[in-house]
1. Output the qualifying pairs, or none if there are none: Cβ atoms under 9 angstrom, residues six or more apart or on different chains, first residue in the range 123-143 and of a type in the set (D, E, K, R), second residue outside any helix (DSSP H, G or I).
2. Out of (1) within 18 Å of Ser4 (Cβ to Cβ); (2) of a type in the set (S, T, N, Q); (3) free of Cβ contacts under 8 Å to residues at least 60 places away in the same chain, what's the single condition that is false for Thr179?
3. Give the residues of the range 85-113 that are out of contact with any Lys or Arg (no Cβ under 6 Å at 6 or more places or on another chain), among the hydrophobic types (A, V, I, L, M, F, W, C) and surrounded by 17 or more Cβ atoms within 10 Å (Cβ to Cβ), sorted by residue number.
4. Within the range 29-39, can one find any residue that is assigned to a loop (DSSP other than H, G, I, E, B), touching an Asp or Glu at 6+ places or on another chain (Cβ under 9 Å) and surrounded by fewer than 20 Cβ atoms within 10 Å (Cβ to Cβ)?
5. Would you confirm whether any residue within the range 66-86 is charged (D, E, K, R) and in contact (Cβ under 8 Å) with a residue 60 or more places away in the chain?
6. Could you please tell me which pairs satisfy a Cβ distance under 6 Å, a separation of 6+ or placement on different chains, a first residue in the range 33-62 that is within 19 Å of Glu146 (Cα to Cα), and a second residue that is part of a helix (DSSP H, G or I) and among the polar types (S, T, N, Q)?
7. How do the pairs read when you match residues in the range 194-208 that are under 17 Å from Val108 (Cα atoms) with residues anywhere that are surrounded by fewer than 19 Cβ atoms within 10 Å (Cβ to Cβ), using Cβ under 7 Å and keeping only pairs 6 or more apart or on different chains?
Amino acid sequence: MFDSGFGGLTVARALIDLLPAEDMVYIGDTGRYPYGSKPLADVREYAHELAWSLVRDFDVKAVVVACNTATAAGLSDLRAELPVPVIDVVKPGARALVQATATGRVGVIGTVGTVSSGAYVDAIASTGAPVQLTSAACPGFVEFVERGQTSGDEVMVLAERLLAPIVAADVDALLLGCTHYPFLARTISDVVGPNVTLVSSADETAFAAHDELLALGLLRPRHRVGACRFLSSGDVGHFRELGNRLLGPELDQTEPWPLA
């Protein structure tokens with residue numbers, strides 16, 4: 001699996017918990033983050049490099065695109081060119097969102113790239129659910145998480161400003177449409193209020209991965225213990241230190257990517 005940085009660790013946590021027998025390779029592209037403000041063509045190229053590295057260098061049997069912006073930019077291309085299944089975070093998140101609402105008023109927050117791509121508009125429309133969607137881009141959220149700053153006055157002030165359209169729309173379910181955002185869930189919840197259900201795509205993506213591997217006969221026996229490898233295109237020491245705090249003990253070391 002790959003992400004622009006640390007956000008995909010929310011998906012990694014869900015995958016490790018649901019599929020403990022599977023081996024996992026995680027590449028965090030911290031050397032080029034954030035993706036959300038970059039042209040989608042650039043993000044598409046990054047996704048191509050990372051996905052093919054997972055296939056060629058690590059012989060993976062499936063690729064999880066644990067980044068909403070990369071999914072929005074290049075999912076269809078990756079599915080067309082890769083010789084393994086490609087699992088995304090957008091469609092599972094959209095399905096979970098429409099199931100969580102009672103009023104039909106739902107919201108999605110994400111990076112500028114993800115929101116402007118319309119990926120969630122299309123994914124939610126494809127569910128056929130009669131919902132009214134309000135979207136808001138949240139530039140700056142990813143940078144706070146990548147610095148390990150997930151609470152405090154600065155984060156709260158930014159959240160209050162960026163989430164104002166969501167609050168005004170009176171939604172009752174809000175999809176965290178970036179895998180970094182669950183690390184800011186407490187602040188987001190404080191801003192939108194206790195009556196809004198926050199939906200993360202991490203668990204739903206793990207379920208989708210399970211179902212895909214099961215359908216293809218690729219699940220490993222439950223009695224084995226999987227191995228995890230973590231790689232970073234940026235500062236590997238910082239990735240190990242912050243990643244260990246965000247994910248847990250599984251992230252006890254980090255390797256550089258690309259491989260030497």
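1. Matching pairs, first to second residue: Glu143/Tyr33; Glu143/Pro34; Glu143/Gln149.
2. Failing condition for Thr179: (3).
3. Ile87, Val89, Val90, Ala94, Ala96, Leu97, Val98, Val106, Val108, Ile109
4. Checked the range 29-39: at least one residue is assigned to a loop (DSSP other than H, G, I, E, B), touching an Asp or Glu at 6+ places or on another chain (Cβ under 9 Å) and surrounded by fewer than 20 Cβ atoms within 10 Å (Cβ to Cβ).
5. no
6. Tyr35/Thr69; Gly36/Thr69; Val43/Thr69
7. Asn195/Asp172; Val196/Asp172; Thr197/Ala100; Thr197/Asp172; Leu198/Ala185; Leu198/Ser189; Val199/Ala100
Condition check ((1) part of a helix (DSSP H, G or I); (2) at pLDDT 95 or above) across all residues:
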{"residue": "Phe183", "(1), (2)": "yes, no"}
{"residue": "Leu198", "(1), (2)": "no, yes"}
{"residue": "His210", "(1), (2)": "yes, yes"}
{"residue": "Leu214", "(1), (2)": "yes, yes"}
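The values are calculated or read from the model by the stated rules, or taken from the named source; none is laboratory data. Everything numeric here is computed off the predicted structure, so don't read it as measured data. Counting neighbours? That spans all protein chains shown, and the Cβs are built from the backbone with ideal geometry, glycine included.
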